[in-house]
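Have a look at the structure below, then the notes.
The values are calculated or read from the model by the stated rules, or taken from the named source; none is laboratory data. Just so you know, these numbers come straight off a predicted model, no measurement behind them. Note that each Cβ is placed from the backbone with ideal geometry, even for glycine, and that neighbours are counted across all protein chains shown. Keep in mind that these areas ignore ligands, DNA and RNA; they rest on the heavy atoms of the full protein, side chains included. Shrake-Rupley method; radii C 1.70, N 1.55, O 1.52, S 1.80 Å.
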Amino acid sequence: MSTGRNDPCPCGSGKKYKHCCQSRDVDGGSAQLRNAMRDAATASREWEVDAIPLMARFEDGRSPRPVLMLVAAGDAIIHHDVLGRLRGEITDVAAALEAAVVATARDVGVFPERVRVRHDETAVALAPLLAGRDIAVSGGAGPAIDDVARPLVEAVSGAAMWPPVCRPDTWNAWSLPRPLVAELFSAAARFHRLSPWLVMSDLQAPRAVLPSGREWTCCVLGNGGQAFGLVLYSVASDLFEVTNAIDSNEPFRWVQGRILSLTFEGGHAPDIQREARLNRWEVPGPAAVPALTTVNTPGGGVTQENIRDMIALLGALPSFAAKHGRALTREDRTGELGKPIQWLEPDSGVSFSYDGEATFDMAEDEDDDVDDDVDDDVDDVSKDDMLAALNRSLQQATSIRNNAPQADFGGLSPAQVHRLLQSDWKGPSSAIRVRQDLKPEQVAPSTILSNARVILSFMIENGPAGATSAGNLKLDVVAALAERLTLPDGYLDLRRKYNKRITEQDVWPLHRLRIVCELAGLIKRKSTRFSLTLTGTALADPARAGELYARLFHTWFRTFSIDYGSRWQWPDLQHQIAYTLYRLRTEAHAWSRSEDLVDRVVLPYALAHAPVIAHTPPSLASVILKDDVLDALTGFAFLETTEESRDKFGYPRRQYRIAPLASELLTFDL
């Protein structure tokens, strides 16, 4: 039963719900989802974080290069967001990754110990940003991020290319300085006019070392007459892998480094043509507008440093082709390798080395196919439609990836934990259900049930009970009820020793149970008296003890704040109480202390947020579990208890085990 705005707050403060805890509880479903994500985030001390370009276009132009920010913990997606654009500089990518980590931590309530990112250079830039939070950073994508990211990218773009490929419709999308782009266009126009592909095949790829020390393997496209341009590989062996890709739909599957592909386009790039006219960038002709595609770069972007390298090589390669054209043409015509070439281009200072074709398998050039596939796979849809499709694909992939069992969740998957925590405990499709049809003799051992029946019977016999201005039962009512309640041995004698006039709150079991009965709709307060509701009158019938028990159990753990009156507040414990009930059935078959059970029946995210007192064994979490959950379950006869010993203050040390009623009361469907 939900709490109304004007009902008494379940926390027992005496205030109306709307003036107390409603704001905290208003988004309970979202809170439960966040709690499920906390499980995965806390269970895995290392998160994998990535910025992944999406092959999508939004008509309003405000999202020219969408990038998916993704955070994974183990096999679970714990955060995803889409940025409209992201600059390609390593520092910008690192800043976006840091923001994703912080946003995730804000959602799940915990930071990781380690973060792994795809690229080593990004890890170097990210490390100082997270150093203040004592988070270690390493490079090299793990299997989890690829497994969770790839379905999302495929769902949006329709393409199966991996590692990520990026090819926006405009140069503006790259967020580069316009003078730098103008310089690139001029270099590309000169490269196109000199046509080095007339003497070089795409497999005659020299290794170039720039004066900065950076190295690229240079593939000139155009000898086959299909695609024209220049492709740069940061890892030389990637040219061989792309050329000899077994699956034409996955030409980049084994790529290790970065690829920058500058191709000359015609009708395929109308936006770039228009952009070039507006900015008066130099182009050699309407069918020779340069367009850029990146593969496996940080965030899918391109840095200004990359563009300067491209400009230098667009200028130096035609000189290399002119200088060694005869030898290259002979090699291509005869298939016989010539002498290795070592040559320094005097104008740019670029050093070239070449010792033969990159491969002898003259496979069809895959780069042309990649560009065509990219254009074919980009749907010209509205931004709203694209975002809606993206959201659907994210949710679908999240569901798939969060379906793997995890030992930290007692063998449940994150999806099963989520289903368990968001269940309402009532509906036919609920993951946990409280049986309503237990027989009176089955629930008879419950002291909470018997005490509730005392309250209901008292009001049937004596009529409405008096209420104080503070909303508690009057002293005469408390005195009469206290004599009839089942209470711990010596409880009332101890209270009378220190209090001549015993109030409702002096008899704490009565006080809590009166609140629960009110929240359960069994009794109601109006003005200066408590009276039975129609539901309370009906369920007071001994034959309906099973229904009354189920209503009390559901209200106690779902509506009432189980930490009400406690010195220590641990709201996460109640958020995940369904998991605790699920686990107790298997973990409490033998007599166990609360400190033995707490790690096995409480979810990791909740344990991570438990109150802590240093140097106080046992853990405070186990004490709260005992006081707020195990003792209440004992009152419901869900657990049995025995006194093991007493501590130095005289308080009993108890052990608990599952009672026969537990297996009858709850059913689970995960």
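How large a share of the accessible area of segment 564-603, in percent, is made up of carbon and sulfur atoms when the probe is 1.4 Å and the other protein chains stay in place?
44 percent
Put a dot 7 Å past each Cα toward the Cβ at Arg193 and Ser138; how far apart are the dots in nm?
Simple spin-label model gives 5.3 nm for this pair.
Using Cα pairs under 8 angstrom and six or more residues apart, how large is the relative contact order of segment 160-317, in percent?
32 percent
Once you keep just the Cα pairs under 8 angstrom separated by 6 or more residues, what percentage relative contact order results for segment 459-522? The partial results should precede the final answer.
Working: 36 pairs, mean separation 17.6, N = 64.
Dividing the mean separation by the residue count of segment 459-522 yields 28 percent.
Principal axes first, then extents: for the Cα atoms of segment 404-498, list largest minus smallest coordinate on each axis, whole Å, largest first.
57, 34, 31
At R0 = 51 Å, how high is the FRET efficiency between Val102 and Val209 if r is their beta carbon distance? Nearest 0.05 is fine.
Efficiency, rounded to the nearest 0.05: 0.85.
Work out, step by step, the length gained on full extension between His589 and Arg326: first 0.36 nm times the residue separation, then minus their alpha carbon distance; give nm to one decimal.
86.2 nm
At 0.36 nm per residue, minus the direct Cα-Cα distance, what do Tyr498 and Val612 gain on full extension? Give it in nm, one decimal, please.
Numbers: separation 114, 0.36 × 114 = 41.04 nm, distance 3.13 nm.
Taking 0.36 nm per residue and subtracting the Cα distance, the gain is 37.9 nm.
Within segment 238-337, what whole-number % of the accessible surface is contributed by carbon and sulfur, with the 1.4 Å probe and all protein chains included in the calculation?
47 percent
Taking 7 Å along the Cα-to-C-beta vector as the label spot, tell me the Gln226-Thr528 distance in nanometres, rounded to one decimal.
Calculated label separation equals 9.5 nm.
Using a 1.4 Å probe on the protein heavy atoms, what percent of the accessible area of segment 424-469 belongs to carbon and sulfur?
53 percent
Given 0.36 nm per residue, what is the gain on full extension from Asp81 to Thr559 after removing their alpha carbon distance, in nm? Provide the component values of the computation, followed by the final result.
On the way: separation 478, 0.36 × 478 = 172.08 nm, distance 3.32 nm.
Going from the current span to full extension adds 168.8 nm.
Summing +1 for each Lys or Arg and -1 for each Asp or Glu, what net charge is found among the other residues whose Cβ lies under 10 Å from the Cβ of Glu282?
Details: positive: Arg190, Arg280; negative: Glu183.
Residues near Glu282 contribute +1 overall.
What FRET efficiency would be calculated for the residue pair Thr537, Glu183, taking the C-beta separation as r and a Förster radius of 60 Å, to the nearest 0.05?
After rounding, the FRET efficiency stands at 0.10.
Take the residue pairs Lys439/Lys524; Lys474/Lys524; Lys474/Lys497 and return only those whose Cα atoms are more than 24 Å apart.
Lys439/Lys524
When you have a sec, figure out the Kirkwood radius of segment 83-151 from all distinct Cα pair distances and drop it here in Å to one decimal?
Computed over segment 83-151, the radius equals 12.6 Å.
What do the square roots of 5 times the Cα gyration tensor eigenvalues come to for segment 183-335, in whole Å, largest first, as semi-axes of the equivalent ellipsoid?
Details: eigenvalues 103, 78, 53 Å².
Taking √(5λ) for each Cα gyration eigenvalue gives 23, 20, 16 Å.
Efficiency by 1/(1 + (r/R0)^6): what FRET value for Asp631 and Ser469, r their Cβ-Cβ distance, R0 = 35 Å, to the nearest 0.05? Numbers along the way, then the final one.
Working: r = 31 Å, r/R0 = 0.89.
Given R0 = 35 Å and the Cβ-Cβ separation, E is 0.65.
Which whole-number value in Å² is the accessible area per residue of segment 65-204, probe 1.4 Å?
That works out to 36 Å² for each residue.
Modelling each spin label as a point 7 Å along the Cα-to-Cβ direction, I'd like the Ala480/Arg274 distance in nm, to one decimal.
Each label point lies 7 Å from its Cα, and together they span 8.4 nm.
Starting from the Cα gyration tensor of segment 556-636, take the square roots of the eigenvalues, sort them a ≥ b ≥ c, and report rounded, prolate or oblate (rounded when a/c is under 1.5, otherwise prolate if a/b is larger than b/c, else oblate).
Judged from the Cα gyration tensor, segment 556-636 comes out rounded (a/c under 1.5).
Per residue, how large is the accessible surface of segment 425-530? Use a 1.4 angstrom probe and give square angstrom.
Here the residues of segment 425-530 average 52 Å² of exposed surface.
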